[in-house]
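For reference, the structure is listed below as structure tokens.
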Amino acid sequence: MKAAVMRKRRRALPRLLNSTLCLFVAMTWVLSLRAQSESGGDCKDDITAFDGYKFRSVKVRARYLPDLPNPLPSPGTAYSPETVTRIVEDVHQVLTKETNRESEAGETELKLLKTVTVGAESGIAIAVKVVTSCAKVVKAAECERDLGKTNSRCVDVTIHALSVRVDTANPLANLLNIPRSNRPSFLSKVPGPLLAFNPRVGLEHDAAFGPAGKVEIASNLLDLARNMQSLPLKARRTRLDLEANGRRSLDGPFYNAAAKLSLSRSFADSISHLAIEAGFTADHELRGANDYLRNAATIGGDIKLRTRFDLIEDVAVAGRYRWSRNRFASQTSLSSEFTSENSLEASAVFSGRLWQGVSRIGFWADANSPNNNREDYQRLAVLWGYQKEFLIVPNQTVGVEALLGVGRAWGTVPQYARFYGGNSPANFLYEAKDSPALRALPVGPVLRSFGSGQFTAANGPAAGGGTSYWNLSLNVSIPIPRWSSPLVPDISIELPTRDANGRAIVDAEGDPVMEERPLRVILKNQGESSRKVLERLFRKEGLSVEEAQSKARRELKSINSILGFIADQANIYSIKPLFMFDVARLDAPEASSQNRFAAGGGLQFTIVIAKFEAGYMRTLRAQPGDKRGNFVMRLIFQNLF
């Protein structure tokens, strides 16, 4: 049966069909969501009620929009600017009602999502919510087709509600090329299970694992009941979080599953988070041509720290005891191994800014004592990642991402615990700092022209894992202006003019003097304009005046750079050619190895709330028995509400 499974996995046609299907799904998602980035290129603002136009359609672009105070005009209704203004005011009203509802009964929508809120314990929101309208003239033939022969003049009206989110639970993530929506969400209308479990789904493809479906959920069990009813939440320092994720091959027996229960307490000083946790993992993967199955239970704790240094802004340290049962089922001349073991493991992840980009370095170590009279062994791994978007012109950036990793093992290391290289499903730079993916010691070097776990220390019947490795990976994405649209549209908003003291300037009749300001400028100024409010909030938390001012400046320094990135560089969608290069080496005492090189290309999509990367990596100067190439694909949906 194993041989049948392996033969099935080697068939090229099913894989090609699966890959094509995944690409089709991604492109369909692009086209269906492109409307979210529509701007006023063809919008008309000079149509009057006397011009004889009719409404053909009226759409409001917002997420989980509740019922408006007044019904939208039906097709064929006479057009007038006053009607459009009334719709805009209705959308403003429901936005205000949602915010007031949250503020009176609990936390705001954005605080609930851990977004657009400065500081871990503050309540000041850095947000700009704007409602605009766009009326587009429709061709006469289409008007007559949809509204009747007597109606040759009609318009389509779109109401755009804009809201930019900033994730302050993971501030550095805002400087990465990640998907995000620019529409506000009405949490009172979001289905309770979405709020309660915050699911994320995705698709992946790898030569060894095959096409795979992926799902992740996360829930604070202390707020489960209120989330299920879509009710506002009260801020609390204590949380009981349940996290679970799973990945299942669609054409093979392979899978990864993990669950973790964590009781944590948050603080407003340098120690931002303390937690104790228990978890369970179950995996079935390939190690070379061999099957590896493991079930493991863990118990431990972690601590998160904040610093005042840009190079290291956040520190996450974890330590755990692990009991595992391991089964290495050899399909080659290697010996099969079946044993349980007791382990102590530790990890530390440091995240910060370097050269105006995002830097993260992780350290992992474990000490293991297998049963069945086997000798102890130890492992150590280090991985450094860096990502930066180099601005060419507004909202057009060259993205550079690099990964550098090393690892070594000591003692009598069983085959199941050795390093095996290949394509990695983990997103080291993009994972949240408390993600389970950042707790696990890397499997081995990244070499994407090989399937996951397929790069061995030597080729042949006795090909096994290595005891040391190093690797370097590089991704470069190139912008194409016509294939992107800015997250913050190029529009201007009328606002009252204010003097140096923040007071509105009025004219001789007492009316405020209005001025037009670009939305991106308004957004970038939000951080600084909230400084005094933030200081007052910190003082309420018990800080002195000097401490509150210092902390407000420190928090706003980070937020201001984030807002600048979102305003000037982030896109609601972008499609970029992607160039990839890897070099890696994997060594074992009983086998000699050589450096392996791989290069390839593909496409990178950042699409509203989805990130998709697809490409092909080819092994350069392949050795006898090497994998020639690997099609890699990753599609992740985020922020479903």
Exercise. Of the residues in the stretch 523-582, how many are crowded, with 19+ Cβ neighbours inside 10 Å, modelled with pLDDT of 70 or more and of a type in the set (Val, Ile, Thr)?
Worked result: 4
For this session: Search the stretch 236-255 for residues that are at positive phi and pair each with any residue that is assigned to a strand (DSSP E or B) and buried (at least 16 other Cβ atoms within 10 Å of the Cβ) when their beta-carbon atoms are under 8 Å apart and the residues are at least 6 apart or on different chains.
Result: none
Problem set entry | Enumeration of residues in the stretch 617-632 that are modelled with pLDDT of 85 or more and of a type in the set (A, V, I, L, M) | Met617, Leu620, Val632
Exercise. Among the candidates Leu472, Leu447, Leu487, which residue alone is open to solvent by 30 Å² or more (accessible area, probe 1.4 Å) and of a type outside the set (Ser, Thr, Tyr)?
Worked result: Leu472
Exercise. Quick one: would you say Leu263 is of a type in the set (A, V, I, L, M), farther than 30 Å from Asn227 by Cβ and at pLDDT 90 or above?
Worked result: no
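Before we move on, is Asn595 in contact with a strand residue (DSSP E or B) (Cβ under 6 Å, 6 or more places away or on another chain) and either small (Gly, Ala, Ser) or open to solvent by 10 Å² or more (accessible area, probe 1.4 Å) (or both)?
On the way: in contact with a strand residue (DSSP E or B) (Cβ under 6 Å, 6 or more places away or on another chain): yes; either small (Gly, Ala, Ser) or open to solvent by 10 Å² or more (accessible area, probe 1.4 Å) (or both): yes.
When the stated conditions are applied, Asn595 passes them.
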Exercise. Among the residues of the stretch 410-438, which ones are farther than 24 Å from Asp582 by Cβ, open to solvent by 20 Å² or more (accessible area, probe 1.4 Å) and assigned to a loop (DSSP other than H, G, I, E, B)?
Worked result: Thr412, Ala432, Lys433, Asp434
Exercise. Which is buried (at least 21 other Cβ atoms within 10 Å of the Cβ), hydroxyl-bearing (Ser, Thr, Tyr) and within 16 Å of Asn459 (Cβ to Cβ), of Thr606, Thr619?
Worked result: Thr619
Problem set entry | Yes/no for Arg226 being of a type in the set (D, E, K, R), within 21 Å of the chain's Cα centre (by Cα) and either at pLDDT 85 or above or buried (at least 16 other Cβ atoms within 10 Å of the Cβ) (or both) | no
Exercise. Out of (1) at pLDDT below 80; (2) surrounded by fewer than 21 Cβ atoms within 10 Å (Cβ to Cβ), what's the single condition that is false for Lys149?
Worked result: (1)
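Does Ala462 qualify as being under 29 Å from Arg618 (Cα atoms), at pLDDT below 75 and either open to solvent by 20 Å² or more (accessible area, probe 1.4 Å) or not in a loop (DSSP other than H, G, I, E, B) (or both)? Lay out the reasoning, then the answer.
Working: under 29 Å from Arg618 (Cα atoms): yes; at pLDDT below 75: yes; either open to solvent by 20 Å² or more (accessible area, probe 1.4 Å) or not in a loop (DSSP other than H, G, I, E, B) (or both): yes.
Yes; evaluated as a whole, the condition is true for this residue.
Just checking, which of Asp302, Asp310 is at pLDDT below 95, farther than 25 Å from Gln387 by Cα and under 25 Å from the mean Cα position of the chain (by Cα)?
Details: Asp310 fails: farther than 25 Å from Gln387 by Cα.
Residue meeting the stated conditions: Asp302.
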Exercise. Quick one: Asn198 ticks every box in (1) in contact (Cβ under 8 Å) with a residue 60 or more places away in the chain; (2) surrounded by 20 or more Cβ atoms within 10 Å (Cβ to Cβ) bar one, so which box is it?
Worked result: (2)
Exercise. Restricting attention to the stretch 379-436, and to residues there that are hydroxyl-bearing (Ser, Thr, Tyr) and more than 18 Å from Glu285 (Cβ to Cβ), which single residue is modelled with the highest pLDDT?
Worked result: Tyr386
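In this structure, does Arg585 turn out to be out of contact with any Leu (no Cβ under 8 Å at 6 or more places or on another chain), on the phi > 0 side of the Ramachandran plot and open to solvent by 40 Å² or more (accessible area, probe 1.4 Å)? Step through it out loud before you land on a result.
Numbers: out of contact with any Leu (no Cβ under 8 Å at 6 or more places or on another chain): yes; on the phi > 0 side of the Ramachandran plot: no; open to solvent by 40 Å² or more (accessible area, probe 1.4 Å): yes.
No; evaluated as a whole, the condition is false for this residue.
The values are calculated or read from the model by the stated rules, or taken from the named source; none is laboratory data. Values in this document were obtained by computation on a predicted structure and should not be read as measured data. Methodologically, a virtual Cβ is constructed for each residue, glycine included, from the backbone with ideal geometry; neighbour enumeration extends over all protein chains shown. Ligands, DNA and RNA are excluded from the accessible area calculation, which covers all protein heavy atoms including side chains. Shrake-Rupley method; radii C 1.70, N 1.55, O 1.52, S 1.80 Å.
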